Amino acid sequence: EVFQHSSKAVCHHFNGTERVRFLEKYIYNRQLYLHFDSDVGYFVADSPVSESAVRYLNSQSEILEDRRSAVDRYCRHNYEVSTPFLVGRQ
């Protein structure tokens, strides 16, 4: 049997960088089991199996602070770096 674990981080930009949402999804065997949403500010369980993992992740202040800062560190930074290149290509 093969077990597959993956994650995917996505940035949603609304009106440039005026409003930015960071969403990180954790998938196990093609099933979403937990995610972090910067609008909520903490990890959310998407299945009963992941509730203990979510309790652990939400109890770790360093992990939460890292994910919360991803809006600026990851999303806004990459938007600022990519926009001149992408706008110039239209």
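The values are calculated or read from the model by the stated rules, or taken from the named source; none is laboratory data. Please read these numbers as outputs of a predicted model, since none were measured by experiment. Ideal geometry is used to build each Cβ from the backbone, glycine not excepted, and the neighbour counts take in all protein chains shown. Ligands, DNA and RNA are excluded from the accessible area calculation, which covers all protein heavy atoms including side chains. Shrake-Rupley method; radii C 1.70, N 1.55, O 1.52, S 1.80 Å.
General observations
- Entry remark, region 25-46: residues being touching a residue at least 24 places away in the same chain (Cβ under 8 Å), under 16 Å from Gln4 (Cβ atoms) and out of contact with any strand residue (DSSP E or B) (no Cβ under 7 Å at 6 or more places or on another chain) number 2 in total.
- Hits in region 31-42 - residues which are open to solvent by less than 50 Å² (accessible area, probe 1.4 Å), under 18 Å from His12 (Cβ atoms) and not polar (S, T, N, Q): His35, Phe36, Asp37, Gly41
- Residues satisfying the stated conditions in region 1-25, i.e. open to solvent by less than 30 Å² (accessible area, probe 1.4 Å), assigned to a strand (DSSP E or B) and touching a helix residue (DSSP H, G or I) at 6+ places or on another chain (Cβ under 9 Å): Val20, Phe22, Glu24
- The listed residue being of a type in the set (A, V, I, L, M, F, W, C), open to solvent by 70 Å² or more (accessible area, probe 1.4 Å) and without any contact (Cβ under 8 Å) to a residue 40 or more places away in the chain, out of Val49, Val54: Val49
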